């Protein structure tokens, strides 16, 4: 009995112990989940409203279901969160430091959002972290983390953010790291050689930063690497390290667009697993090493374009049986295109344009049935076009322009329904256009100009080529009449038929071309009347029917084309009177009615009063103010009313009449001779436009000139007028017409500086120069078009109220990075000399681009200021030493940028409205704040919704005050400005009273 009692007591005690233990465990679980739920909710509160609906489950009251919350994964016991993945949740705002309290996290991914500000510096507290992906956000600042405590980290992906400063050395302590991506940021300085110690890495990307110096050879020790990306925006010195030949596991190597020089190391031929090699847009020289291509049997994509490579294409290319893409354009290769290249079994894209290739195009090119893109333009190729190019019915792009090719075009091209872009101009092709070719369904561009093509423009009523936007058949020997099916090309923007032998009437179906902008049918043998249906082409801006056999009157319906800018119907047999309705076309700035059979009085209304006198010559029965006065056989209304009065006037002696008539005849002859000379000069100049392109363009000088209309003006500056224009490919550009420049002038209004500077600059925060177009009298700069205009226009206009503080700070940092690039990363260094808010342009996302280098000048490395010949800059932005001593260095730009920062803070213009004559924004800001950054509260822009991050505002004002120091030596460098602006934080805010 005693034994059973003891047993009962033992069991009871055990049950009590287990129950209490379970209760404590449950209580601990509840507390743990509640604590973790609170952390997640605090994270959510730092996100800006509206947050993603995917986080609706994040609610503290629901903490018991924590492990089923969206984006959350718990451990196997459902006690602790081990994974937080909010990738692509469309979240904006900041990432709260509370994230570092989730100490059990193994996986953290916040990629694909718009999170900004500094990334929590205490991330090292997550000591179990193995996977960290913060890519594609807007995090900024440096990455000075305590990496030594993140010993388990395997993946670190910080791609596409705004991090700056030097590359962090601490990552070299992450011995388990296999994936490291710092690409697409603003890291500067050199690549640390110690990165070569990360021997476990299989992926390394440092591309798209502002790195300089030599690529360390130590990276050749990373023998486990499969992908290495170092190009784009970086500007390295020297060449490709031969040690890269040791990276035997490499599959993808991208060193494009990063300033590399010298030859391609033959050691790269050791990388027999490589399938992608991108070395384009560098300054590489020498020939292609035979062992490079001979050993890379796995290669699928090879891009060596836009370098200075020479020699012939090695026959060892025959070993590249898996090659899909081969780009060798813009180099100095010569010799024939090897047959082994054309016969590669998997070749899809072949671009060899702008080299010195000779001989014929290999006849078997395209026979593999996989060719999609072929560009062999601007070489010295001869012979026939291979007939197998579209054998697989996959060819989309065919560009062979500017060669010496001859013979007929392959008939098979008329059946190639995948073709979208065809450019075969400037050759010696003969024969007819292949049947069906012009009506292919996918064609968007066809250029066959400047050949010897004959035959007819095919009639095809049943087919509708709805995508063809440009058709250029000019300067050939095409004949016959223009078919009525020309109206089927309803998407045409540009139709050029000039310089052929077309005959017959212009079909009325031409009026069905509702989208045509430019129509040139000059120098043919068209006859009959101008069809009145042309008035239905409401978008037409350029219309040329000159040098034909047209007859009849000018249809008054032309006046329906309200945006017509150029009209030329000269050298025809048109008759009757000039329609007065044409005078109402306010956009018509150039018209030529000369050498026809027009009669009667020249209207003097509207645009007629602005046309050149040469526009009417060669019409013997036409009279008016430009030509000889009308006689009584063709009286003006005024002459009819005054004829009786003339009869009553006293008669003048005959000899005086004779003298007067002879004098008038002599003056008329002199006037006519001068007019003809001027006309020839104008025509000569107008035909001598030269276009210098800084990248591959899809438009020419004629398209640029079409932008120069009064209603296209978007700005005027000290050096010229800026026009907005749309190119045939729908690309918008800004065209700057430089004023008052003559060749050989010592003062060229910044032309040489802009061309020399912008032509070679490639930076995301520098405005991009596309081309330079010029003749003897006019110079035009063609830029990328930035739709939001200048910072000055936005900030000081009605839209300034919508320019929030975070956007202003972003603009300040981006503009500073652009100027820092000019000062510190260009060789020789470049001064802007006209930094102001109107020279900071904004794209559709309000990203800043530094613009207008009309006053830029190189700063040579002499260590002293360069004395300028005259003051250049804008009032209110000019540094004190510049205005009084005429000496300038890069610190003058820093001063001007400080003024821009003050504009961003205050919303005020640099001069005017400060209550005292002669006071500018710098003096006013110093007085109002008493030089104290805490005083920024007094000058902050009232339009900023009364809420601004205090620390950020004080930091930006502090930087501005440093920039506008009276003595240049006391001002920071632009690189230091970028770093100081990037350090701005926003832990708290203040409210304006």
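So the values come out like this:
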item: Computed E for residue 597/residue 432 - FRET, C-beta separation, R0 41 angstrom, nearest 0.05; result: 0.70
item: Inter-centroid distance (Cα atoms) of the range 559-619 relative to the range 286-339, Å; result: 57
item: Spatial separation of Cα centroids for the range 235-277 and the range 764-833, in angstrom; result: 34
item: Three-way shape call for the range 249-317 based on the alpha-carbon gyration tensor, with the a/c threshold at 1.5; result: oblate
item: Computed FRET value (nearest 0.05) for residue 847 with residue 503, which takes r as the C-beta separation and R₀ as 51 Å; result: 0.40
item: The range 60-85-the range 915-943 distance, computed between alpha-carbon centres (Å); result: 52
item: Contour minus Cα-Cα distance for residue 587 and residue 575 (0.36 nm per residue); result: 1.9 nm
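No lab work stands behind these numbers, since they all come straight from the coordinates. For clarity, every value in this text was computed on a predicted model and none was experimentally measured. Glycine also receives a Cβ, built like all others from the backbone with ideal geometry; neighbour counts cover every protein chain displayed.
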